[in-house]
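The values are calculated or read from the model by the stated rules, or taken from the named source; none is laboratory data. The structure presented is a predicted model; accordingly, all values stated were derived computationally and were not measured. Here the Cβ is made from the backbone with ideal geometry for all residues, glycine too, and neighbour counts use every protein chain on show. Quick note on the areas: whole protein, heavy atoms, side chains included, nothing else; ligands and nucleic acids left out. Shrake-Rupley method; radii C 1.70, N 1.55, O 1.52, S 1.80 Å.
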Amino acid sequence: MAAARRIYFAASIRAGRGDSHLYYKIVSILKKYGTVLTEHVGDPTLTELGDSHMTDKEIHKRDMDWLRSSHVLVAEVTQPSLGVGYEIGRAIEMNKNILCLFRPSDTEKRLSAMIRGAENGKSVIVKDYKQEDIENLLESYFSETV
Ligand SMILES: O=c1[nH]c(=O)n([C@H]2C[C@H](O)[C@@H](COP(=O)(O)O)O2)cc1CO
């Protein structure tokens with residue numbers, strides 16, 4: 001199943017790349033569980049300019065095609081990002097499995113009610129986590145949930 005599973009990883013780009021090393025780590029763990037379609041999101045050399053070789057229309061089309069073709073969306077939501085919120089909302093409409101990861105200990109901000117409130121204990125899961133727990137958290141998500 002791991003190779004066949006298509007994973008869309010979402011995290012902040014234009015909203016700030018302060019957590020990019022953590023995104024890199026999450027992407028490298030996710031690769032154990034499937035093909036990560038959006039590997040660029042975890043590239044620590046990617047700046048807030050994002051995919052600057054593409055137009056915004058091209059980025060939106062490519063990412064929506066990837067999202068449609070994915071089995072699961074994993075989103076790191078600690079750094080609030082319009083793009084990530086949009087992707088989560090679209091994925092909910094597409095009935096995707098969604099895992100949102102939030103680090104309360106690394107931010108004074110509270111997660112949006114539109115994300116935390118979308119949790120349904122089944123297809124939409126929102127987890128508070130610490131960096132050191134990420135391997136175990138993903139292991140139990142992919143072995144038990146999807
Ligand atoms: O260059 C880009 N490439 C790209 O794939 N995205 C997608 C993937 C990310 O999960 C999300 C980030 O949104 P934002 O840039 O609003 O933080 O949008 C977003 C941008 C720039 O907005």
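Looking across the range 62-89, the residues that are more than 11 Å from the ligand (Cβ to nearest atom) and either in contact with a Leu (Cβ under 7 Å, 6 or more places away or on another chain) or farther than 27 Å from residue 108 by Cα (or both) come down to 65, 68, 69, 70, 71, 72. When 144, 108 are checked against the criterion of being part of a loop (DSSP other than H, G, I, E, B), at pLDDT below 95 and open to solvent by 60 Å² or more (accessible area, probe 1.4 Å), a single residue qualifies: 108.
Tell me which residues, restricted to the range 90-105, are in a helix (DSSP H, G or I) and either within 16 Å of the ligand (Cβ to nearest atom) or not hydroxyl-bearing (Ser, Thr, Tyr) (or both).
Residues satisfying the conditions are 90, 91, 92, 93, 104.
Of everything in the range 48-84 that is of a type in the set (Val, Ile, Thr) and under 21 Å from residue 5 (Cα atoms), the residue that is farthest from the chain's Cα centre (by Cα) is 72. Taking the condition surrounded by 12 or more Cβ atoms within 10 Å (Cβ to Cβ), part of a loop (DSSP other than H, G, I, E, B) and charged (D, E, K, R), does residue 51 pass? Judged against the criteria, residue 51 is a match. Mind listing just one residue for me: the one in the range 120-141 that is free of Cβ contacts under 8 Å to residues at least 12 places away in the same chain and under 19 Å from residue 90 (Cβ atoms) and, of those, surrounded by the fewest Cβ atoms within 10 Å (Cβ to Cβ)? Result: 122.
Applying the criterion of being within 12 Å of the ligand (Cβ to nearest atom) and hydroxyl-bearing (Ser, Thr, Tyr) to the residues of the range 31-55, the residue that is modelled with the lowest pLDDT is 52.
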